[in-house]
Amino acid sequence: MKIAFFDTKPYDKPSFDKSGEKNGIKFKYFETKLNEDTVELASGYDGVCAFVNDTVNAKVIDRLYEMNVKFVALRCAGYNNIDVKHAFGKVHIFRVPAYSPYAVAEHAMAMLLTCVRRIHKAYIRTRDFNFSLNGMTGFDLYGKTVGVIGTGRIGRVFIDICKGFSMNILAYDKFPPKENRDDAVKYVGLDELFSHSDIISLHCPLTEDTYHVINKDTLAKCKKGVVIINTSRGALVDAEALLAAIKDRQVGAACLDVYEEESEFFFEDLSGHIMKDDILARLISMPNVIVTSHQAFLTEEALINIAQTTVENIVSFTENGYCTNEICYRCGATSENCKNGKCF
């Protein structure tokens, strides 16, 4: 079986080659992203493997269908870059719903600690033999209130980490547990979470309901000096509103592993280029903002899990005509959790 693999990075190949070889799957690696201009590269392949910044819109789906490409195997959890409804009846879409929740949750905490304890500044100073502590004062996480939006696998791991720091935990989820058995976690509405949290961490998917959940109005409800962490999806945060709130000192710090318009920039070396995005350039220039380039998932364990699950999805579909991680075009869930039961 031949799979066209788009948006390839060097760290992708070892785990996919290993998993593919075990299952008779040959990956052809393309560095270019999948979009309307590059879709022709998929001609002659059984399926394509895509990532978060590939574009699988109606035109791409129609061309894949015309070329008899049967499926798009996403090697990520998010699928907001896929026109799932248009794909129904033409191209099957699989995803990796979970790989290593620890990788993302640990990265979120690493960014938070780095930011509030000025680790990044200390690293730069001491390399110049500057051992002054002026301007390096941080704050304890102990006793602070953290608001966690989204309590899926990653959110729950992040909550467990916060417990280790003896933080007070407020949580919001569109589908909260019917019975909350964790006395350390208090489920509240978004307004209460915004107004009482010293730190807010986003761990929810990008949907119509969560688009720009952090915006001008919600930031105004927050405590002055709140810290915003986003390791989920860039469009959860209105970047322009966040920048304005940082300038007004309503937001005390921001830790961003994702960015709303990241597709043109993240995963690429642009060190010799002029940054076209003024908002991203301003955010990076801020002393109280840390930006990492969508690397929260990037651990050895996560890469292995991603490759194994992606290959298992392909094998399951080709052998059985069915994959439990196929995305439902109606309700957006994977097939095993489909709310309608008849979406496929």
Any hit, segment 309-329, residues being farther than 25 Å from Phe6 by Cβ and surrounded by 20 or more Cβ atoms within 10 Å (Cβ to Cβ):
no
Which of (1) more than 30 Å from Tyr79 (Cβ to Cβ); (2) open to solvent by less than 80 Å² (accessible area, probe 1.4 Å); (3) not in a helix (DSSP H, G or I); (4) not hydroxyl-bearing (Ser, Thr, Tyr) does Asn180 not meet, given it meets every other one?
(1)
Sole exception among (1) within 26 Å of Glu319 (Cβ to Cβ); (2) open to solvent by 20 Å² or more (accessible area, probe 1.4 Å); (3) not in a helix (DSSP H, G or I) for Cys49, by number
(2)
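Matching residues to (1) under 20 Å from Asn288 (Cα atoms); (2) at pLDDT 95 or above:
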position	(1), (2)
Leu206	no, no
Asp209	no, no
His212	no, yes
Glu240	yes, yes
Leu243	yes, yes
Sort out which residues of segment 66-85 are of a type outside the set (Ser, Thr, Tyr) and in contact with a strand residue (DSSP E or B) (Cβ under 9 Å, 6 or more places away or on another chain), and write them in order of number.
Val69, Lys70, Phe71, Val72, Ala73, Leu74, Arg75, Cys76, Asn81, Ile82, Asp83, Val84
Look through segment 206-233, keep the residues that are over 19 Å from Ile82 (Cα atoms) and in contact (Cβ under 8 Å) with a residue 60 or more places away in the chain, and return whichever of them is surrounded by the most Cβ atoms within 10 Å (Cβ to Cβ).
Thr231
If I filter segment 328-335 for residues that are part of a helix (DSSP H, G or I), on the phi < 0 side of the Ramachandran plot and at pLDDT 95 or above, do I get at least one hit?
no
Tell me which helices (runs of 4 or more DSSP H) are completely within segment 203-317 and hold 1 or more residues being more than 15 Å from the chain's Cα centre (by Cα) and closer than 25 Å to Arg156 by Cβ, or say none if there are none.
216-221
Could you grab me the full set of residues in segment 249-269 that are out of contact with any helix residue (DSSP H, G or I) (no Cβ under 9 Å at 6 or more places or on another chain), open to solvent by 60 Å² or more (accessible area, probe 1.4 Å) and not basic (Lys, Arg)?
Glu264, Glu268, Asp269
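The values are calculated or read from the model by the stated rules, or taken from the named source; none is laboratory data. Since this is a predicted model, take the numbers as computed values, not measurements. Please note: Cβ atoms are built from the backbone with ideal geometry, for glycine as well, and neighbour counts cover all protein chains shown. What goes into the accessible areas is simple: the full protein's heavy atoms, side chains included, and nothing from ligands, DNA or RNA. Shrake-Rupley method; radii C 1.70, N 1.55, O 1.52, S 1.80 Å.
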